[in-house]
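See below for the structure under consideration.
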Amino acid sequence: MALVKASTKSCAVNPLKMSQPIGGAFAFMGLRGAMPLLHGSQGCTSFGLTLFVRHFKEAVPLQTTAMSEVATVLGGYENLEQAILNIHSRAKPKIVGICSTGVTETNGDDVDAYLKLIRDKHPQLAKLPLVYVSTPDFKGAFQDGWEKAVARIVEALVEGPGVSGLRDPSKVNVLPGCHLTPGDLDELRAILEDFGLRPSFLPDLAGSLDGHIPGEFTPTTIGGIGIDEIASMGRAQWTIAIGAQMRRAAEVLQAKAGVPFRLFERLCGLDPNDEFITFLSEISGRPVPVKYRRQRGQLTDAMLDAHFHIGGRRVAIAAEPDLLFDLSSMLHDMGAQVTAAVTTTQSVVIKRVKAEEVLIGDLEDLEELAGTKQCDLLVTHSHGRQAAARLKIPFYRAGFPMFDRLGAGHQLSVGYRGTRDMIFDIANLVIADREENHQPTPDSWRVPAALPRRAGHSSPGTAERSIA
């Protein structure tokens, strides 16, 4: 069990975490026709929008109530009202997801009361879902905002199973954590459908931020799960929650609609995927398809091939709790030693990270730990690239944001295939670093200077000559 510590520094020098409002807005981006709205200053929204656009290389819908200093002091009712009316008349959204920020939380805006007044005053908004989530950015992190938003969406939009209480045995809800990419969701959808199941993903980033070009422009999200499909999630046979952060949303759904759930804390690695595939076979009543038996064999062969390069490596990882647990567990399975682990916020899983100590801190803490413990590999998002360069060790990019490489939304880590590809990527980084920086050269072959001869001892050449 890892010892969990928190940094005592007065400020973050090289920030690791993203804020709660950004995580909450990210969850709403997985809903079809949605418009995320940050209730705060314009700068808060601009910063988050920049991160999303640089990560996905796509147009991202995100609006703001544009609170000024005066409006913040007097209250944000008018700003919120005007923002919702403008969005409704211009963007025609199917849903507006509202996330608070530190500015409005500090002032104490009663947003739920504001929304009731706005609805009473403007009847045209009667059928527009307005979902509010409290996400102060002075505490918590990206994962916390996502967790709260998904739980609130379930609470506000999911209906009960109906009077008959009948459920669809082929319908399965999937609640993915924020550490999963659109590519991961596509892979999970394919796996579930191969077992004859019909999955509903909430949120479904694979439909909205998977990098496809729509037929026509829309100011809202271009895909994702629809409002009607969310409402029908109460009629599913099972809910699959992925990541410890999704337990809360799964429990809300179970309490509201009676849908049982199964939590998978990680889906990167051999054992977790064995459990996942076995569970799908049980609930579907179907045998495991041959393709997944073959993929499992490929993964075990990849683990065998790569453990020569990954085994024994000292690794430094910084990520959100669920991603940290996922990556550290997989690398531990491969024989690596996680000697430096840094995360952003408290979680039930960080005590079980395969490391002696987990620090809630920033990237400066990660760099110091990695240097002190002589790590061979650094794993974090793109803001860690300078630290890896200074330490002169390989750098594997994982998490959000990843803005200096293409294809961040398609990076795959789940399932047998995703785990196999990640193992190869990391092993190849290690091999390339060894070839570039640790290849033997004539200088490294240099023979040390000969020791001075002691009196009475002749050199080998002299002895040979005298014998001759």
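Here are the numbers for the structure shown:
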| item | result |
| --- | --- |
| Residues (touching a helix residue (DSSP H, G or I) at 6+ places or on another chain (Cβ under 8 Å), without any contact (Cβ under 8 Å) to a residue 60 or more places away in the chain and open to solvent by 30 Å² or more (accessible area, probe 1.4 Å)) located in region 133-187 | 134, 138, 186 |
| Strands (runs of 3 or more DSSP E) wholly inside region 332-414 that include at least 1 residues being open to solvent by 30 Å² or more (accessible area, probe 1.4 Å) and more than 22 Å from residue 299 (Cα to Cα) | 337-343, 357-360 |
| Output for region 62-113, where each listed residue is free of Cβ contacts under 8 Å to residues at least 60 places away in the same chain, over 12 Å from residue 35 (Cβ atoms) and buried (at least 23 other Cβ atoms within 10 Å of the Cβ) | 65, 67, 76, 80 |
| Candidates 235, 248, 294, 262, filtered to the one that is open to solvent by 10 Å² or more (accessible area, probe 1.4 Å), touching a Phe, Trp or Tyr at 6+ places or on another chain (Cβ under 7 Å) and either at positive phi or of a type in the set (D, E, K, R) (or both) | 262 |
| Extreme residue, surrounded by the most Cβ atoms within 10 Å (Cβ to Cβ), among residues of region 13-60 that are in a loop (DSSP other than H, G, I, E, B) and over 21 Å from the mean Cα position of the chain (by Cα) | 40 |
| Residue match in region 66-84 (condition: of a type outside the set (A, V, I, L, M) and either outside the structural domain of residue 143 (by TED's automatic domain parsing) or within 30 Å of residue 233 (Cα to Cα) (or both)) | no |
| Which listed residue, of 352, 262, 314, is outside the structural domain of residue 421 (by TED's automatic domain parsing) and either touching a residue at least 24 places away in the same chain (Cβ under 8 Å) or in contact with a helix residue (DSSP H, G or I) (Cβ under 6 Å, 6 or more places away or on another chain) (or both) | 262 |
| Counted residues, region 368-385 - those being touching a residue at least 60 places away in the same chain (Cβ under 8 Å) and more than 19 Å from residue 331 (Cβ to Cβ) | 1 |
| Selected residue (only one of 378, 369, 406, 359 is outside the structural domain of residue 148 (by TED's automatic domain parsing) and in contact with a Gly (Cβ under 7 Å, 6 or more places away or on another chain)) | 378 |
| Single unsatisfied condition, residue 268 versus (1) assigned to a strand (DSSP E or B); (2) open to solvent by less than 40 Å² (accessible area, probe 1.4 Å); (3) not assigned by TED's automatic domain parsing to the domain that holds residue 396; (4) not polar (S, T, N, Q) | (1) |
| Lone qualifier among 213, 283 - being of a type in the set (Val, Ile, Thr) and at pLDDT 95 or above | 283 |
| Residues (in contact with a Leu (Cβ under 6 Å, 6 or more places away or on another chain) and either of a type in the set (Gly, Ala, Ser) or open to solvent by 10 Å² or more (accessible area, probe 1.4 Å) (or both)) located in region 188-218 | 199, 206 |
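The values are calculated or read from the model by the stated rules, or taken from the named source; none is laboratory data. In this text the structure is predicted, and so the values were computed from the model without any measurement. Positions of Cβ are generated from backbone atoms using ideal geometry, with glycine treated the same way; all protein chains shown enter the neighbour counts. Accessible surface areas use protein heavy atoms only, side chains included; no ligands, DNA or RNA. Shrake-Rupley method; radii C 1.70, N 1.55, O 1.52, S 1.80 Å.
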